[in-house]
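Student: So that we are looking at the same thing, I have put the structure below in structure tokens.
The values are calculated or read from the model by the stated rules, or taken from the named source; none is laboratory data. Predicted model only: the values in this text are computed from it and were never measured. When we count neighbours, we look across all protein chains shown, and the Cβ atoms used for this are built from the backbone with ideal geometry, even at glycine.
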Amino acid sequence: MQFIGEHLRPGQLGHFFVITSFVAALFSAFSYFRAVRTEQTDPLASRSWLLFGRSGFVIHVISVVSIFAALFYIIESHLFEYNYAWEHSSLSLPGKYLLACFWEGQEGSFMLWTFWHCMLGLVVMRTAKGLETRTMAIIALVQVCLCTMILGLHFGPHIQLGKTPFILLRHVMQDAPIFSSPNYMNFITDGNGLNVSLRNYWMVIHPPVLFLGFASTLIPFAFCIAALWKGEYQTFVKPTIAWSLFNGAVLGTGIMMGGAWAYESLNFGGYWAWDPVENASLVPWLVLVAGLHTLLVYKSTGRALSLTIILLLLSHLLVWYSTFLTRTGILGKTSVHAFTGDGQALYYHLLVVIGILLLLVLALLIWRWRGLPRIKTEEETLSREFWMFIGSVILFLSSMQITLSTSIPVWSPLAKWISGKDFAPPTDPMLHYNNIQVWVAIITGILSASVLYMKFKHSDGKVIAKRLGITSLIGLVMAVAIGWGQHITMWQYDIMLFSACFGIVANIYYGIVVQKAKFKTLGPSVAHLGFAMVLLGILLSSYNKHAISFNITGEQINFNKKTAQENLVENSENELLFRGVASPMGEYQATYVNDSESVKGKDKIIYYNIYFEKRDPKTREIKEQFFLHPDAFLNSKGEAALTVNPSTKHFWDHDVFTYVNVIRGGYLDKNRTDTISYKSNIVNNPGDTVLIMGGYMIFNGLDRKVSDARYEPVDSDLVICARFTVYDNKDKPIKDIAPIYILRNRREILHIEDSVGILNLNVRFENLNVKSPTSVSTEIMVKQTDADYIVLKALVFPFINVLWLGVIVMVLGFFISLGSLLSMEVATR
Amino acid sequence: MKKTHIVLLVLIVTAIAVLVSEFGNFSTYETFASASKQAGKKIYVIGFLQKDKPMEYDPQKDKDHFIFYATDKAGNMNKVIFNGEKPRDIEKSEQIVMMGYEDAGTFHCSRIQMKCPSKYKKDMVVEGKSS
């Protein structure tokens, strides 16, 4: 059948480049491999194989860039005949999010990963010199594996190798009747659109940085394999240090950008939740940093080579493993990211790739294990290498604990088969991880503070003791002051506080006094300083993170601060805000002022205007005032789930973080009723209660004395009022009211209503029924407007800026080290 | 034996001890019946919303209190108190994973994960308050 209105050329081109990139990578890997094999026997042939390898890789890079261009063209031109464009983009999507569409899907993010490998590979090709053939053979081989992910080849009806981003919509949904008409394109006018929670500038910048971090683990991996392959363990050291520094900086930035994204625009209620997806990116970083440290030990002392190689190889393998965890859907019900897996095909595909890489690594290690240079003598206890080694092992063990717990869904079938127990993820992940990782933080914090004071091989104990004595004392004073001021009472976290303070003081002291602030040498102390600040920032912001909605100050679920008794108290951290009514929220008065609709489109986002003000308790002067605009979104696909984005007000020493949890009324509520009727209530005796929404009223009795400005006395009137006191939910009296009943000229009944604004309550004295001289029943009509309301959660994160600053300082430290390493390289050339 | 080896050994033994103790801490998937045998311990129950039973939720009174009935995979029905807001669209859920503990015939739940029938809709997790 001939279909009308399709644009098939970009897809055909794209598919052509997919195949080309795969074949070119395969050719490049093979040529580089041949270049290595003929290195000794036939240098001339080796040279030509090298040139083949290079040109193969360059063709591969050009193809990958072309795939990128073709796919971007499809998304940008809204060619919805392609499944990828239809699934991930829509016409109304602003231009800046088109890139985000690109990597929202599985295929696009594999593309991004491939792309970064290409760029890094080009740099390695130009700089690796004697190791080029071997490193590039590995890089090209990994590229071959990655290319299979987007090949989209079918073998028989059931086996599919990869998923191409250029597949047509009509091929994905073959059975849909719409595709039987040749002009089906007339009906497909718009795409599915980008997931709203991803419509965010973080979605544009976070994935490229994170994927650059993931991709750069390949380079230390390739260099370690090259060293093993060659059986020569000197030339790989410098480039591997440089690449590991780059990798640590970029991956570290990527991870914390994820944290910042979660904090700024997702409603996880924080920047870190020990979510499997977060863990999966943290683990390779921890292992990489451990490997970087043992590599430095190896460079200076010749020790710890085997551990270094294992760690750096593992770091890249763990990136593949984390891809496996987060993309196959195996975590399914354990992650809030709730990735929908691409099912069985990707599951086995990734297993095969991981299996190939693991076999390669194991075979090389076993082959070379006995030949790895080792030093027979023992290191001194007071040496830098000894403690760096211990620190690295602890980082590694920490990463293993995280991996084991994150991988529960992976190993639970096996555990069930053995023990019969059906293991589930920890019910309180925060507690589960924090309880163990706090010790890792303490030990690595203290080590990162003190290890620089020791020298490689041999150090002078007295000098170290003096310097560490001074700095730890200052650190202790600082910790006590902060612990006191911030009420940090759990002893583990007090030790962690000391460890972080000690780290800050010791590294500043080391940088200024010992290193005399010579910029080129400052890398390690700056990075360690940043690390200590990160620890301090995490501790301060999380330990005292508290909800101010519903006035619970200092209550915290995270660090098991609650006693068993406190745990019994079911408390709420969400506050109900009626439109236009000010409610207390911590030190603030918060008012839901109004809401406004975003740009007209089929996906409306509603911004809620929340006004916060803080007054001086005595003078009632306004000390602080600001607006926050959390938003909420109801999908046009008839999905009733509310998608919300938080809004945060930043102060130098704390953040006020809010998001909307439940809404009623306003633009988004279709069930809203505007017709409100009065409800009848009968009271007989003083003390009787009338229930109202948000509280109750107590009847105080009838009164002939009426003093209301709204009532002008007329002689013939029989006038009587019913006195009530209105209480709120918390038994707090709000107001006394007295609706009035008037019998004029013995015929005409008039009412003067009374009201309570805060509850949208109107009360009318409807009728009086005298049964006997002592028994009078009073009919009271109560009307309460169904006001719009939102349920808002507001959290305060104290000193969270210390965390962000710490990350920046740490990354800076990595780059200073990298810069001085590269400039030394230039100088020695 | 080298000092490094001794330290390494100590660290690894500690790590193994921590991991083994962790195994006791890991939660498990249970049924209402097996949950009642370990009352108070936080576990997961996979089940289905009992749609013909009434649901109680009044946000004006307490917005973090939602009562419903659920059937577990073994077919036993149990009353569930969720101390959080009523999850939107729970009526449409195919399956729910409830995290909490059993106490005196009632399941106190602090997290619900709903599996939704539509393939265009991602599963939803709803957090309650800690209790």
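Student: Tell me yes or no: at least one residue of region A:223-230 is in contact with a His (Cβ under 8 Å, 6 or more places away or on another chain), under 22 Å from A:L286 (Cβ atoms) and either buried (at least 23 other Cβ atoms within 10 Å of the Cβ) or in contact (Cβ under 8 Å) with a residue 40 or more places away in the chain (or both).
Tutor: Scanning region A:223-230, I find no residue that is in contact with a His (Cβ under 8 Å, 6 or more places away or on another chain), under 22 Å from A:L286 (Cβ atoms) and either buried (at least 23 other Cβ atoms within 10 Å of the Cβ) or in contact (Cβ under 8 Å) with a residue 40 or more places away in the chain (or both), so the answer is no.
Student: Is region A:375-390 home to any residue that is surrounded by fewer than 16 Cβ atoms within 10 Å (Cβ to Cβ) and under 35 Å from the mean Cα position of the chain (by Cα)?
Tutor: Checked against the condition, which is being surrounded by fewer than 16 Cβ atoms within 10 Å (Cβ to Cβ) and under 35 Å from the mean Cα position of the chain (by Cα), region A:375-390 yields no hits at all.
Student: Which count do you get for residues in region B:23-45 that are at pLDDT below 80 and either in contact with a Cys (Cβ under 6 Å, 6 or more places away or on another chain) or more than 7 Å from every other protein chain (Cβ to nearest Cβ) (or both)?
Tutor: The qualifying residues number 4.
Student: Does region B:18-49 hold any residues that are among the β-branched types (V, I, T) and more than 13 Å from the chain's Cα centre (by Cα), and which are they?
Tutor: Answer for region B:18-49, where residues must be among the β-branched types (V, I, T) and more than 13 Å from the chain's Cα centre (by Cα): B:V18, B:V20.
Student: Is it fair to say A:R764 is at pLDDT below 80 and over 30 Å from A:N544 (Cβ atoms)?
Tutor: Spelling it out, it is not the case that A:R764 is at pLDDT below 80 and over 30 Å from A:N544 (Cβ atoms).
Student: Select from region A:435-451 the residues that are surrounded by fewer than 20 Cβ atoms within 10 Å (Cβ to Cβ) and not β-branched (V, I, T) and write down the one among them that is farthest from the other protein chains (Cβ to nearest Cβ).
Tutor: Taking the candidates together, the pick is A:Q437.
Student: If you take the residues in region A:398-422 that are away from every other protein chain (no Cβ under 11 Å) and aliphatic (A, V, I, L, M), which one is nearest to A:D275 (Cα to Cα)?
Tutor: Result: A:I402.
Student: Further, regarding this structure: With farther than 22 Å from A:L803 by Cα and among the hydrophobic types (A, V, I, L, M, F, W, C) as the only criterion, which of A:V250, A:V172, A:V209 stands out?
Tutor: From the options A:V250, A:V172, A:V209, the qualifying one is A:V172.
Student: Let me ask something else about it. Can you name the helices (runs of 4 or more DSSP H) wholly within region A:93-172 that have at least 2 residues being crowded, with 24+ Cβ neighbours inside 10 Å and in contact (Cβ under 8 Å) with a residue 40 or more places away in the chain?
Tutor: A:98-102, A:106-127, A:132-148
Student: Taking region A:703-735 as the search range and keeping residues that are outside any strand (DSSP E or B) and acidic (D, E), which one is nearest to the chain's Cα centre (by Cα)?
Tutor: A:D731
Student: Go through region A:1-48 and give me each residue that's more than 37 Å from the chain's Cα centre (by Cα) and of a type in the set (F, W, Y).
Tutor: A:F3, A:F27, A:F30, A:Y32, A:F33
Student: Checking the conditions here, which among A:L358, A:L318, A:L372 is modelled with pLDDT of 95 or more and farther than 30 Å from A:D428 by Cα?
Tutor: A:L358
Student: Could you tell me which residue of region A:685-702 is surrounded by the most Cβ atoms within 10 Å (Cβ to Cβ), considering only residues that are outside any strand (DSSP E or B) and more than 50 Å from the chain's Cα centre (by Cα)?
Tutor: A:D688
Student: I've got another one for you. Being at pLDDT below 85 and surrounded by 19 or more Cβ atoms within 10 Å (Cβ to Cβ) is true for just one of B:D64, B:D58. Which residue is that?
Tutor: Sole residue among the options that is at pLDDT below 85 and surrounded by 19 or more Cβ atoms within 10 Å (Cβ to Cβ): B:D64.
Student: Select, from A:F52, A:F27, A:F17, A:F57, the only residue that is in a helix (DSSP H, G or I), more than 24 Å from A:L112 (Cα to Cα) and modelled with pLDDT of 95 or more.
Tutor: None of the others qualify; the one that does is A:F52.
Student: Looking only at region A:737-778, count how many residues are closer than 17 Å to A:N685 by Cα and of a type outside the set (K, R).
Tutor: 16
Student: Which residue is farthest from A:T294 (Cα to Cα), if the candidates are limited to region A:380-397 and must be at the interface with chain B (Cβ under 9 Å from one of its Cβ atoms) and in a helix (DSSP H, G or I)?
Tutor: Applying the filter and picking the extreme gives A:L397.
Student: While we're on this one: Consider A:I408 carefully, then state whether it is aliphatic (A, V, I, L, M), farther than 25 Å from A:Y347 by Cα and modelled with pLDDT of 85 or more.
Tutor: no
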